Structures are given as C-alpha cells and as structure tokens.
Amino acid sequence: MLNIVGDKNTCSDWLNQGTGNAYQIMSNVPIIKETADPSVGASTMAGDAKSPINVNPNGAFYNGPVAPTVGPYQPGSFGARMTILIHELAHKVLAPGMDNRPVIENSNANTQLVLQHCRMVIDQWSFILNK
C-alpha cells in the first residue's frame, strides 16, 4: 500500500491533490477491525487524517461470507484490499471528486473513481507481488 501511494503514479498524484500527504497519512493511520454489514468493506472519518480506517472482517477486505466484489476484484484479494484502503485514504485526504456522504450509492461511485485513478498501479503491484 505504501509503495502505491509513495511512488509517483496516477494514483498518488490524484490522492495528493487533496489535503495532506497521502503517504504520510497512510504511514501513520491505525487500521483496525470493526464488524459491520457485509456490504461495507471499510469506513473512516472523511478529512480526519488521524482517525482509524476500520476494516470489516465480514466484508470484502477479508472475503466475508456474503461480501461483494470490489470493482473487478474478488473479495479478499490483493486488488480488493488495495482498492478498499485507497478508497478510505481518498476520504481522509479529500481527494478530488470523492463524495463524502455516507450513502452506498456514493460509495460505489467513489470506488469507480478510485479505480479510474488507481487500477493500473494496483494491477501492476498485484503482478509484481504475484497476488
């Protein structure tokens, strides 16, 4: 994850158009498990660099029993996990175009925005790491 947001690429360029430094924020943000509805991969407080990213053990991050796909990625896969974490980081840095209202339709549109900016680098790292 830190390689994705720390390297110079379309994903980090997009994230760093928001507030703060995406690499520094991701380096310091706590990531904790918090049980939620299986449709929720993770959550965070938008614009708050210090609040945790809460990943749902019943959701797509961990391949919960009824977890949805994350864009083109299967639940629990490297691509799903990176997309979920970048999605939450994009809320933290208020990346351009992110809708920070907590409505599922906005979440799906936000995931598509993350994929638009970050899918190529997620797929590259997935290949490099053979994930």
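Which pairs turn up if I take residues in the range 6-28 that are on the phi > 0 side of the Ramachandran plot and look for partners that are outside any loop (DSSP other than H, G, I, E, B) and surrounded by 13 or more Cβ atoms within 10 Å (Cβ to Cβ) with beta carbon separation below 6 Å, at least 6 apart in sequence or on another chain?
Close Cβ pairs satisfying both conditions: GLY20/VAL93.
Only one of these is polar (S, T, N, Q) and not in a loop (DSSP other than H, G, I, E, B): SER51, SER126. Name it.
None of the others qualify; the one that does is SER126.
Could you please find all residues in the range 60-74 being assigned to a strand (DSSP E or B) and of a type in the set (Val, Ile, Thr)?
VAL70, the sole residue that qualifies.
What number of residues in the range 105-124 are over 15 Å from the mean Cα position of the chain (by Cα) and not charged (D, E, K, R)?
Looking only at that region, the number is 1.
Would you call MET82 part of a loop (DSSP other than H, G, I, E, B) and within 20 Å of ILE25 (Cβ to Cβ)?
Here the answer is no, as MET82 does not meet what is asked.
Could you list, in sequence order, the residues of the range 29-39 that are assigned to a loop (DSSP other than H, G, I, E, B) and either in contact (Cβ under 8 Å) with a residue 24 or more places away in the chain or in contact with a Cys (Cβ under 7 Å, 6 or more places away or on another chain) (or both)?
Those that are assigned to a loop (DSSP other than H, G, I, E, B) and either in contact (Cβ under 8 Å) with a residue 24 or more places away in the chain or in contact with a Cys (Cβ under 7 Å, 6 or more places away or on another chain) (or both): VAL29, PRO38, SER39.
Just checking, which of ALA46, ALA67, ALA42 is touching a Ser or Thr at 6+ places or on another chain (Cβ under 9 Å), crowded, with 17+ Cβ neighbours inside 10 Å and not aromatic (Phe, Trp, Tyr)?
Sole residue among the options that is touching a Ser or Thr at 6+ places or on another chain (Cβ under 9 Å), crowded, with 17+ Cβ neighbours inside 10 Å and not aromatic (Phe, Trp, Tyr): ALA67.
Taking only the range 94-104 into account, find how many residues are modelled with pLDDT of 95 or more and assigned to a helix (DSSP H, G or I).
0
Can you name every residue in the range 9-33 that is at pLDDT below 95 and surrounded by fewer than 14 Cβ atoms within 10 Å (Cβ to Cβ)?
Residue satisfying the conditions is THR19 alone.
Being in contact (Cβ under 8 Å) with a residue 24 or more places away in the chain and buried (at least 18 other Cβ atoms within 10 Å of the Cβ) is the filter here, so list the residues in the range 108-124 that pass it.
THR111, VAL114, LEU115, HIS117, CYS118, ARG119, VAL121, ILE122, listed by residue number.
If we scan the range 50-65, do we find a residue that is in contact with a Leu (Cβ under 8 Å, 6 or more places away or on another chain), of a type outside the set (A, V, I, L, M, F, W, C) and free of Cβ contacts under 8 Å to residues at least 60 places away in the same chain?
No, the range 50-65 contains no residue that is in contact with a Leu (Cβ under 8 Å, 6 or more places away or on another chain), of a type outside the set (A, V, I, L, M, F, W, C) and free of Cβ contacts under 8 Å to residues at least 60 places away in the same chain.
Rundown of residues vs (1) under 18 Å from GLY6 (Cα atoms); (2) among the β-branched types (Val, Ile, Thr), yes/no style:
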{"position": "GLY47", "(1), (2)": "no, no"}
{"position": "ASN54", "(1), (2)": "no, no"}
{"position": "ASN63", "(1), (2)": "no, no"}
{"position": "PRO75", "(1), (2)": "no, no"}
{"position": "ALA80", "(1), (2)": "no, no"}
{"position": "ILE84", "(1), (2)": "yes, yes"}
{"position": "ALA90", "(1), (2)": "yes, no"}
{"position": "LEU115", "(1), (2)": "yes, no"}
{"position": "CYS118", "(1), (2)": "yes, no"}
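The values are calculated or read from the model by the stated rules, or taken from the named source; none is laboratory data. These numbers come from a predicted model, not from an experiment. When we count neighbours, we look across all protein chains shown, and the Cβ atoms used for this are built from the backbone with ideal geometry, even at glycine.
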